[in-house]
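Inspection log for the structure reproduced underneath, given as structure tokens.
The values are calculated or read from the model by the stated rules, or taken from the named source; none is laboratory data. Fair warning: this is a prediction, and the values are worked out from it, not measured in the lab. We place every Cβ from the backbone using ideal geometry, glycine too, and count neighbours over all the protein chains shown.
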Amino acid sequence: MLELFPKDQTNFSPSIPDGEVNYFPSFLSTNEADILFAKLLATTPWQSDSITVYGKTYNQPRLTSLHAIDETPYSYSNITMQPNPMTPVLSAILKKIETYSKHSFNAVLLNLYRDGKDSNGWHADNEKELGKNPVIASISLGQERFFHLKHRTIKEERFKLKLAHGSLLLMSGSLQHHWLHQIPKTTRPLEPRINLTFRALQ
């Protein structure tokens, strides 16, 4: 079963097995989100990394940029990213998220989805640098995109959520052990989207 989470609620916390998801569609005002999107799009040192899947190497279908409070690298999908400094803009949004969520973070991975062809395949944020039960705070800016979740073993547990401009999505508990998530490709013409995933590297 595929369920569409409603996006017009102030707070939304679906009851799901083996993890926690909390969605706040109006975490940032439209004006705040507009300003942040324009500033990050223009000033972020975006990079294109190559990944190897089943012996074939190709460019990731999105641009990325890692920023952290210290110099701790972050590795995923056989890519090791060296962090850029945490800018004043990113530090301000980090503090806002920490105050709101009551969790601490020291790094943020930015993703730029340039159009509907850019995507992020099925995966879990379960790298060892994130600890046992990581809390991931995800800010969405720009074009709304569908976020899909599926349980690793309970096949009927599949959900999707359209992430609004200025929204906050919190993933916590044992979610990364039991669920996979993705931002799928689409043939629809889409404008750029920026996603910021704050995390605590250990």
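Summed over the stretch 40-76, residues that are within 22 Å of residue 193 (Cα to Cα) and either under 18 Å from the mean Cα position of the chain (by Cα) or aliphatic (A, V, I, L, M) (or both) total 20. Sub-9 Å Cβ pairs linking a first residue in the stretch 145-165 that is more than 14 Å from residue 176 (Cα to Cα) to a second residue that is surrounded by fewer than 16 Cβ atoms within 10 Å (Cβ to Cβ) and of a type in the set (Phe, Trp, Tyr), at least 6 apart or interchain, are 160/146; 161/146; 162/146; 163/146, ordered by first then second residue. Going by what's in this entry, would residue 93 be described as touching a residue at least 24 places away in the same chain (Cβ under 8 Å), surrounded by 13 or more Cβ atoms within 10 Å (Cβ to Cβ) and either part of a helix (DSSP H, G or I) or of a type in the set (Asp, Glu) (or both)? Judged against the criteria, residue 93 is a match. Taken over the stretch 108-149, the criterion of being aromatic (Phe, Trp, Tyr) and under 11 Å from residue 199 (Cα atoms) is satisfied by no residue. If you go through the stretch 79-87 one residue at a time, do you hit one that is hydroxyl-bearing (Ser, Thr, Tyr), modelled with pLDDT under 85 and not in a strand (DSSP E or B)? No - not one qualifying residue is present in the stretch 79-87. Yes or no: the stretch 73-85 includes at least one residue that is surrounded by 11 or more Cβ atoms within 10 Å (Cβ to Cβ), small (Gly, Ala, Ser) and under 25 Å from residue 148 (Cα atoms). Yes - at least one qualifying residue is present in the stretch 73-85. When 110, 196, 141, 180 are checked against the criterion of being closer than 17 Å to residue 16 by Cβ and aliphatic (A, V, I, L, M), a single residue qualifies: 180. Condition (residue is under 13 Å from the mean Cα position of the chain (by Cα), crowded, with 21+ Cβ neighbours inside 10 Å, hydrophobic (A, V, I, L, M, F, W, C) and assigned to a loop (DSSP other than H, G, I, E, B)) applied to the stretch 110-132: is it met by at least one residue? No, because not a single residue in the stretch 110-132 is under 13 Å from the mean Cα position of the chain (by Cα), crowded, with 21+ Cβ neighbours inside 10 Å, hydrophobic (A, V, I, L, M, F, W, C) and assigned to a loop (DSSP other than H, G, I, E, B). Residue 139 - would you say it is of a type in the set (A, V, I, L, M), assigned to a strand (DSSP E or B) and at pLDDT below 95? In short, no. In the set (1) out of contact with any helix residue (DSSP H, G or I) (no Cβ under 8 Å at 6 or more places or on another chain); (2) surrounded by 20 or more Cβ atoms within 10 Å (Cβ to Cβ); (3) charged (D, E, K, R), residue 155 fails one condition alone, (2). Of the residues that sit in the stretch 165-193 and are surrounded by fewer than 21 Cβ atoms within 10 Å (Cβ to Cβ) and hydrophobic (A, V, I, L, M, F, W, C), which one is farthest from residue 63 (Cα to Cα)? Out of the qualifying residues, it is 180. The stretch 147-202 holds strands (runs of 3 or more DSSP E) entirely within its bounds, and those carrying 1 or more residues that are of a type in the set (Gly, Ala, Ser) and under 28 Å from residue 71 (Cβ atoms) map to 167-172.
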